[in-house]
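Each reported figure results from applying straightforward, stated rules to the coordinates on display, with no laboratory input. The structure displayed is predicted, hence computed values, not measured ones. Virtual Cβ from ideal backbone geometry, glycine too; neighbours counted across all protein chains shown.
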Amino acid sequence: MTSNAVHVREYRSPLAAPERRLLIWIAGRLPRQVASDHLTALALLSMMAAGLAYWAARWHPWALLLAVGALAANWFGDSLDGTLARVRNQQRPRYGYYIDHVVDLLGMLFLIGGLALSGFMSPLVALGLLVAYFMVAAEVFLAAHAGGVFRMSFMGFGPTELRLVLAAGTLWLLRSPWVDLGGLGIYRLFDVGAVVAIAGLAAALGVSATRNARALARAEPIRR
């Protein structure tokens, strides 16, 4: 659940506005029996399913289609649980914030673990990606606690955009798991993508940490 009255959510991406309208439209039409917790559980189970599908694709490439379907289910559960709580005026800010991000961390562990076992991504690269993600997540959580702003995107990329990029790359694997970088050689597509993602996460960490440290220093000057 992403509902959180304590922190201000900042989500700047090309898809943010239309996605918000779509989620509100869906939330208003869901059966009353469907609760936010059900959607949160769907988000976690779908990430587990995606990880298992990537692992199974080592022997059965068609399982990549299941991975794409699982990513879509994760978007539905993860993006809609907080919206549903807000539409129904059933927000539980601290509970929702905590559960949502515990589920996100566990889901990423399952997803990247599945990629590491799939043969489409080197285990060492997968480990680097997981560490980079956890580092950025930790900084975002600290910034939300210290500064009151929870940033959900960086340089126009948020969770939804990242899911779309991952889904597109997954479908490309059905054609070829390799990419030719010319004079640099031929590498796994997902290794290249992961290295780019690690670089982006490192940049996001550096920029965000510097910006937040400066803002906090201005807000709490040393008294002389």
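Okay, here's what the table says:
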quantity: For the stretch 8-219, size of Cβ-based charge dipole, Lys and Arg +1, Asp and Glu -1, in debye; calculated: 620 debye
quantity: Prolate/oblate/rounded call for the chain, Cα gyration tensor, a/c under 1.5 rounded; calculated: oblate
quantity: Residue-span extension gain [Tyr98 to Leu162] - 0.36 nm each, minus C-alpha spacing; calculated: 20.8 nm
quantity: Contour minus Cα-Cα distance for Asn89 and Trp59 (0.36 nm per residue); calculated: 6.2 nm
quantity: Simple spin-label estimate for Ala72 and Val149 in nanometres, 7 Å along Cα-Cβ; calculated: 3.6 nm
quantity: Computed FRET value (nearest 0.05) for Ala17 with Met135, which takes r as the C-beta separation and R₀ as 45 Å; calculated: 0.95
quantity: Extension gain, Arg218 back to Ala41 (0.36 nm per residue minus Cα-Cα distance, nm); calculated: 59.7 nm
quantity: Axial C-alpha extent at least 18 Å, average Kyte-Doolittle at least -1.0 - helices from the chain (DSSP); calculated: 36-56, 63-87, 93-118, 123-147, 159-173, 189-219
quantity: Amide H within-cut-off set for Phe150, under 5 Å, with H built and near neighbours excluded; calculated: Val8, Arg9, Glu10
quantity: Relative contact order computed over the chain (Cα-Cα under 8 Å; 6+ residues apart), in percent; calculated: 28 percent
quantity: Packing rank of 175-181, 65-71, 203-209, 45-51, where each peptide gets the mean count of other beta carbons within 10 Å, highest leading; calculated: 45-51, 65-71, 203-209, 175-181
